Each structure stands twice: as structure tokens, then as C-alpha cells.
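The values are calculated or read from the model by the stated rules, or taken from the named source; none is laboratory data. Computed from a prediction, not measured in an experiment: that's the story for all the values here. So basically every Cβ, Gly included, is an ideal-geometry build from the backbone, and we count neighbours across all protein chains shown.
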């Protein structure tokens, strides 16, 4: 059982990087960006192919980050320059990336078994496989929180937040909202691809299908984090995203353990997100019911 | 200061829903002019303001601010020259950001935004001082989210933001229409205070005849995309609601009764 939990925590930490990316678009920019489904697999593909070609795994991971950023740039350009609705821009990039990822990988999946990854350095020092993922996951997530906390406090970061919050106001205050949307999408997709690269290396393979449903997992993690761990300051929000991503993995591990067939996972995740997103409405329905029960004796 | 030359604006050009909102408008504001712009629904008042602000492009004509042509400049670049307050109190501020964060955003209007910290300690002090001098009761809530404020408070804050960096033109787009009468008066008072203090060139749209007469040094009336009245100087000072109604009837050549309710509230 402990082993399962530790596995869930390590996976959760890697998915936390992706969750933070989703948070940037979904909550800060107020855009549901579906291109992440493609960019997570793109990150995995670039890192895997880089490592296969004998690249340093850290360099390959950095390349994955840059690849993801370019995907975000495309979505941003489709949306702001060509005025395609955000949702559709994301879908277009996602679909296009499927072909791109197949080209990068050369086939549907690529095994990294016995190849050097970002984790092997730690493992050669005697750290266990799972522990090495946890250590590296912790390090990257902590660094990310510090950097993003700083970034969204800067003038440019504030401008991105204002853009997501109220674009009319942002423009009236001289903010180029189009550029801010592009920048947000670039950062977000870069992080998602980075997460894909880290995940691929931890599971020793990259698969062109691995992005399917990832946006829903990201959203589930964001929402679980908000519901369970509050959303007071920006810092605590960032931390809650990490805890949310880990909680999601723990919940999944538990329901699988309780006997839910793995094939039903995506259905379960979708239901979780649907219920969580409809909580405010559901509460609205329940309120009169509660009142009538109190008053009705 | 502001020069609108032969400006025309048509919505849905080339479709069955084509609607000419501005028809060859000419309007020139001198430095320090405070113009109240009045007219019925669909007269083109807000369209004109939005054309000046760059929300809409125009098909014909030119717009100059402070001698500089801005006709082709995008909205966010014109913002360096323009302060704006909107009809909807929700529109001028970022609800999920703090009061001081909103002010800090406005404080950088027209400047290049960099990776410097978004708000400095001196600015926090400055904003606090500024707000306490206005007696809005906001100076002890500087980190509160703006979404927690009332409509009137948000509108007052938007006004502070619009004038924090002295704008070449202040555009007020029915900025008190969504407020209750008492709050509306307060916000108007505050507007007068800022405009007088810095001698701001101002264009204020209103539905309310009394407001249009009481405030500003010049009154412009629009009707169906045209400017039909332009009253300034002593004439404006002695203007009454009855005068205005009569002159509207004469200038527009229409039955007054239809527009009366819309205009005088």
C-alpha cells in the first residue's frame, strides 16, 4: 500500500508541473486551452527522441520545454492574430500536434529502457527509482513555484493577470492584451511539455497517445487543489495545485485498488470534474431544499 | 487637444443590418475643455467615445489627440493619452486583483512593462495617501480585492485610475448611469474635483440633461449620428432644461415627446 501511495505521489509531482501550466491558462488567462493535450505528448516525444539520439537528458528536457512553448505560440497566434476562438485554436493545435508528434517519434511509441534519463544520475548514487522521481519532482515543482510567484508579481505578470481578469480594463490601461495572451499560452504549454518530458522519462517510454484526456486530469487537479486546500494567497494557490495533482493521483490509486477497472478511469475523471465544476449550481439547488427542511419541521 | 475630423462609423457595413452610427462628425476640444455629450439612445455618443479610445476603427476621417494622429493606433497604444471610465462599474477595474494592484496597473499606463516588481513600497504609500485624501474609506483596504467593493466605490476607483497618470483626454462614458442617484452625485463631484484640479480636457457622455447642464463648460448634443447642438461659454452657463428641450426639438426637427423620457430621466 505504501508503495502504491509513493508511486502516486511521484507521479502527482510530475503531473503538478502540467497542472500549473493548465492553471495559468484556465484560471489566470480565463481560457480553456486544449493544445496541452498535444504539447504534453510533444514534450515526451522530444525528450525521448533526444535521449535516443544520445543527447544529454537535461538538454533534451529543456528542448521539450521549448517545443511546448512553440506550440503555445501557435495557439496564441491562431487566437489573437487570426481571431479564431480560443477553444477552437487549442483544438487545432492539439490535432496538428498529433501528426507532429508522430513525426518526432517516428512511430507510435518509443521505449527509453536502459537509457540515461534525468533520474539516472540520482539512481547511480544509490537512490531508489521511485525516490529519484520524488526528489527531482520536488525540486522542479519548488523551483517552479518560486519562479512563477515572482513572475506573476512583476509588471508583465500583473499585466497577464489583468488581461485574464478584465481585458477591456487591461487595454484601457495600455496593456497589449493579445501579446499577454500569447505569452501566457507560451509559458503554459512550455510547462505542460516539460511535464510530459519528465513523465516519459520516469515511465521509460513516450507514447503519442499519452496526451488524451490530460486536460481533464489537469482541470481535475486544479479543482481538487482549490476545494481541498483553499485559494487564499497566490502562493498558497500554487502550493494547492501541487497538492491537488498529488491528491488526484492518490484518489485514482485508491479507486483502482478498490477494484475499479482501469478502463473506466477517464469516465471517472470526467465525472469528478463535471461534479466539481457544477458545485456552485448544485449548491444553489440544494439551498431551498435545506431551508424547507429546516422550516418544515 | 482633441480633434475629430470628418469621422464616419458604420456598423455591419455591407450587410442588411448596416447602421450608420456616426455621420461625418467634426468636433474640436480645446485644452481644458470639459464637454458634456448628450443625446437619446442610438444617437452615437458612446460610439464616438469608443472611436476616440480606439475600441472601434473608423471608415473615414481622422482623429488627433494633442496634435498627434491616432486614427490607426490600436486601443492599448492610445491608452497612453487617454483616461477612461465606463458605464458598467465592473468594466474599469480587475475584480480579482487588489485595490493597490489595480492602481499600480494604472500607474504604468503608457509605460513599457518589464520584469520589475509590479508595485513598489513608495507606490503603496503614495496610493494610500491619495485614497485617504479623497475620503472614500478605501485607504485601509488597499489589499482587498476590488470585487468586494460597491459599484460606486469601483467607479470612484476607476476614476482615480483614469487620472493617476495625467491623461491628455478623459473619457467618461455615462459613468454614473448604473449608480443610484446619491452615489451618482458623489462620483460626479469627484469627477469635477479631478478635472478642475488638473485642468483635464474631458468628454463626458450622459443621458441626464441636468448633469449635462450643470457640469462642464460646453454642451454638445447628438442625434442620429450627427452633432446637432454645440453650446458653450455664457450661453451654456445660462442654459436650462426647458431651453435645451426646445432647442433639441428645433435642431432635430422631431417630436420632442419621444425622446423626452430618454433625455431627462
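Some points to look at:
- Any hit, the range B:143-152, residues being modelled with pLDDT of 95 or more and within 9 Å of another protein chain (Cβ to nearest Cβ): no
- Residue ID - surrounded by the most Cβ atoms within 10 Å (Cβ to Cβ), chosen from residues in the range B:53-64 that are away from every other protein chain (no Cβ under 14 Å) and not in a loop (DSSP other than H, G, I, E, B): B:63
- Residues satisfying the stated conditions in the range A:250-288, i.e. farther than 26 Å from residue A:26 by Cα and in contact (Cβ under 8 Å) with a residue 40 or more places away in the chain: A:257
- Taken over the range A:113-128, the criterion of being surrounded by 12 or more Cβ atoms within 10 Å (Cβ to Cβ), out of contact with any helix residue (DSSP H, G or I) (no Cβ under 6 Å at 6 or more places or on another chain) and touching a residue at least 40 places away in the same chain (Cβ under 8 Å) is satisfied by A:120 alone.
- Qualifying residue in the range B:179-193 (condition: in contact with a strand residue (DSSP E or B) (Cβ under 8 Å, 6 or more places away or on another chain), part of a helix (DSSP H, G or I) and farther than 23 Å from residue B:41 by Cα): yes
- The range B:78-89, residues that are facing chain A (nearest Cβ under 8 Å) and assigned to a loop (DSSP other than H, G, I, E, B): B:79, B:80, B:86
- From the options B:27, B:13, residue that is in contact (Cβ under 8 Å) with a residue 12 or more places away in the chain and within 21 Å of the chain's Cα centre (by Cα): B:27
- If the condition is being crowded, with 22+ Cβ neighbours inside 10 Å, touching a helix residue (DSSP H, G or I) at 6+ places or on another chain (Cβ under 6 Å) and closer than 19 Å to residue B:20 by Cβ, then the range B:206-229 contributes only B:222.
Rundown of residues vs (1) over 30 Å from residue B:76 (Cβ atoms); (2) in the same structural domain as residue A:64 (by TED's automatic domain parsing), yes/no style:
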| site | (1), (2) |
| --- | --- |
| A:189 | no, yes |
| A:193 | no, yes |
| A:211 | yes, yes |
| A:225 | yes, yes |
| A:235 | no, yes |
| A:242 | yes, yes |
| A:252 | yes, yes |
| A:283 | yes, no |
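- Within the range B:65-84, the set of residues being free of Cβ contacts under 8 Å to residues at least 40 places away in the same chain and in contact with a strand residue (DSSP E or B) (Cβ under 7 Å, 6 or more places away or on another chain) comprises B:69, B:70, B:71.
- For the range B:99-110, the tally of residues that are more than 22 Å from the chain's Cα centre (by Cα) and facing chain A (nearest Cβ under 7 Å) stands at 1.
Okay, residues lined up against (1) out of contact with any helix residue (DSSP H, G or I) (no Cβ under 8 Å at 6 or more places or on another chain); (2) more than 8 Å from chain A (Cβ to nearest Cβ):
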residue: B:51; (1), (2): yes, yes
residue: B:72; (1), (2): yes, yes
residue: B:76; (1), (2): no, no
residue: B:91; (1), (2): no, no
residue: B:97; (1), (2): no, no
residue: B:112; (1), (2): yes, yes
residue: B:117; (1), (2): no, no
residue: B:122; (1), (2): yes, yes
residue: B:139; (1), (2): no, yes
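- No other residue among A:271, A:228, A:219 is within 22 Å of the chain's Cα centre (by Cα) and buried (at least 17 other Cβ atoms within 10 Å of the Cβ) apart from A:219.
- The condition of being over 26 Å from residue A:176 (Cβ atoms), touching a residue at least 24 places away in the same chain (Cβ under 8 Å), assigned by TED's automatic domain parsing to the domain that holds residue A:180 and surrounded by 22 or more Cβ atoms within 10 Å (Cβ to Cβ) holds for residue A:64.
- Tally of residues being buried (at least 19 other Cβ atoms within 10 Å of the Cβ) and in a helix (DSSP H, G or I) across the range A:203-216: 2
- Residue in the range B:122-134 that is in contact (Cβ under 8 Å) with a residue 24 or more places away in the chain and in contact with a strand residue (DSSP E or B) (Cβ under 8 Å, 6 or more places away or on another chain) present: no
- Checked against (1) in a helix (DSSP H, G or I); (2) surrounded by fewer than 22 Cβ atoms within 10 Å (Cβ to Cβ); (3) away from chain B (no Cβ under 14 Å), residue A:178 passes all but condition (3).
- The helices (runs of 4 or more DSSP H) falling completely within the range A:109-171 that include 3 or more residues that are away from every other protein chain (no Cβ under 14 Å) and at pLDDT 95 or above map to A:129-151.
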